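Student: Before I ask anything, let me first share the structure, which is written out below as structure tokens.
Every number here is computed from the coordinates shown, using simple stated rules; none is lab data. Remember, predicted model here, so these are calculated numbers, not experimental data. A quick note on method: Cβ atoms are made from the backbone with ideal geometry, for glycine too, and the neighbour counts reach across all protein chains shown.
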Amino acid sequence: MDSKNLTSTEYKHPGLQAGSLDFVSAHLRLKKVVNRTPLMLNQNLSKKYHCNVYLKREDLQIVRSYKLRGAYNMMSTLSPEKLKLGVVCASAGNHAQGFAYSCKKLNAKGVVFMPVITPKQKVNQVKMFGEHFIEIRLTGDTFDDCAVAAKLFTEENGMTFIPPFDDYRIIEGQGTVALEILEDQSEIDFLFIPVGGGGLSAGAGSYFKTYSPRTKIIGLEPEGAPSMHASLKAGYPVTLDQIDRFVDGAAVKKVGDLTFSICREVLDDMHLVPEGKVCSTILKLYNEDAIVVEPAGALSIAALDDYAEDIRGKNVVCIVSGSNNDIDRMQEIKERSLQYEGLKHYFLISFAQRPGALKEFVNHVLGPTDDITRFEYMQKTNKENGPALVGVELQSRADYDQLLEKMKAFHIGFAEINKNDQLFGYLV
């Protein structure tokens, strides 16, 4: 497919006005600014699933995510007068970095609102991409507080707010990812897209439904933040009371109104992926392919196991949305992966306060390949038993049942902390 021969890429459905999304114009605006990221056939994944698995490597984008596309596309369409007054965004992640880089390229003054709790690494990344063209304001303890402050500041100063996803120009910018995919590989049976606020899925989904309507489009969300999934089920955008923010690039309490109206038309399926599965995928991509991705970037690949039969013998594209992963998170990623795989368990164990009690546990209860990775114990005076926090790593998921059976056989009192989220979060 050659975009030079297309005059427009209007996607028409009841939720859109004709001409609302012009992907070709967006593509031309972005051509000299963004990297045309490769669509790479992954041999390991293709062999595993008996199909052709292509990865759209937006993790290799200039700011290491696709977010630059939407931010620059919207900002570059502002009038010179509006651009001169300045632009504002609220983000602690990839949108802020794409916004900052766009400010530098357009010589525009930008103000980035980020929560006070934003890691220093992310603040420094935004400064690096925006240089002296941006100002960072740390406000509020949550993203919601930060966003309210950003919008108020925008109104008071007559500036323009650049949203992370809910705008036609943002959506068509993100949709240029799909344009590049179909130029490189025109025969696509399945497209797997990570979903946060819905900008990428609305844009890429719209483009595919126009130019490759036979392609099955699968949206993926983290299990702990099922905003689009819940909204599609309800029939309108819903606000979740609580979310797990671990997959930070795809964890929002509420998807956009506009993106929802498009996604309900273009997505063929909406699937949830456990956070632990995402972590296992991150580690496999790093160990087997030397690919570094952030949690949201692994969503599309993490879902393939659940579609293994459907994609057999097909051409499959997974959008790897970004690679902004703080190295400090790797221990948590490994921990979540081990727990998901059933290889890491935490117990509160009641040990008899007598010499040799721990030795008996090690010699008679633990299996030959079981390993104690954490042990915290404080002797209690005038008590027969004392609790200890014990972390055990197994080599096989099957060893878990044997471990429990041995603890029961030796009359060891224990409680599994993994199954109590509140207690686990406090102790581990």
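Student: Run the simple label-point estimate for ALA409 and HIS132 please: 7 Å along Cα→C-beta, distance reported in nm.
Tutor: 7.3 nm
Student: Let me ask another. Just going by the charge dipole of the stretch 67-161, with Lys and Arg at +1 and Asp and Glu at -1 on Cβ, which of ALA100, PRO115, ALA147 is farthest out on the positive end?
Tutor: Result: ALA100, furthest along the dipole toward the positive end.
Student: If you don't mind, another one. Provide the gained length on full extension for the span LEU343 to GLU223, in nm with one decimal, where the gain is 0.36 nm per separating residue minus the Cα-Cα distance.
Tutor: Additional length available on full extension: 41.2 nm.
Student: Would you mind telling me the antiparallel percentage of the DSSP bridges in the chain, rounded to 5?
Tutor: Bridges in the chain are about 45 percent antiparallel.
Student: Here's something else I'd like to know. Which entries in the list LYS254/LYS277; LYS284/LYS359; LYS253/LYS277 go over 29 Å, if you measure between the two C-alpha atoms of each?
Tutor: Exceeds cut-off: LYS284/LYS359.
Student: In Å and from the alpha-carbon atoms only, list the Rg and Dmax of the stretch 67-161.
Tutor: Rg and Dmax of the stretch 67-161, Cα atoms, are 12.0, 34 Å.
Student: Hey, another quick one. What ranking do 237-250, 34-47 get when scored by the average of other Cβ atoms within 10 Å per residue, highest first?
Tutor: 237-250, 34-47
Student: Can you list the residues of the stretch 31-72 with backbone N under 20 Å from a point 7 Å past the Cα of ASN287, pointing along Cα to Cβ?
Tutor: Residues passing the 20 Å test: 42-49.
Student: Among TYR211, ALA225, PHE192, pick out the residue whose Cα is farthest towards the positive end of the charge dipole of the chain, where Lys and Arg carry +1 and Asp and Glu carry -1 on C-beta, about the Cα centre.
Tutor: Farthest towards the positive pole: TYR211.
Student: Give, as ranges by residue number, the residues of the stretch 247-267 whose backbone N falls under 17 Å from the point 7 Å along Cα→Cβ of LYS151.
Tutor: 252-260
Student: I would also like to ask the following. Here are some values of Rg and Dmax of the Cα atoms in Å: [x] 23.3, 89; [y] 24.4, 85; [z] 48.2, 202. Which one was computed from this structure?
Tutor: Matching entry in [x] 23.3, 89; [y] 24.4, 85; [z] 48.2, 202: [y].
Student: If the chain between TYR236 and ASN363 were fully stretched, how many nm would it gain, using 0.36 nm times the residue separation less the Cα-Cα distance?
Tutor: Net length gain for the segment: 40.0 nm.
Student: Hey, another quick one. Treating only the Cβ of Lys, Arg, Asp and Glu as charged (+1, +1, -1, -1), what charge dipole size does the chain show about its Cα centre? Round to the nearest 20 debye.
Tutor: Dipole of the chain, to the nearest 20 debye: 860 debye.
Student: Under a point-charge model restricted to the Cβ atoms of Lys and Arg (+1) and Asp and Glu (-1), what is the dipole moment magnitude of the stretch 92-164 relative to its Cα centre, in debye to the nearest 20?
Tutor: 360 debye
Student: Under a Cβ-only charge scheme (Lys and Arg +1, Asp and Glu -1), can you give me the dipole magnitude of the stretch 201-354 about the Cα centre, in debye to the nearest 20?
Tutor: Around 160 debye, computed over the stretch 201-354.
Student: Net charge within 15 Å of HIS50 by Cβ-Cβ distance, Lys/Arg positive one each and Asp/Glu negative one each, not counting HIS50 itself?
Tutor: Local net charge: 0.
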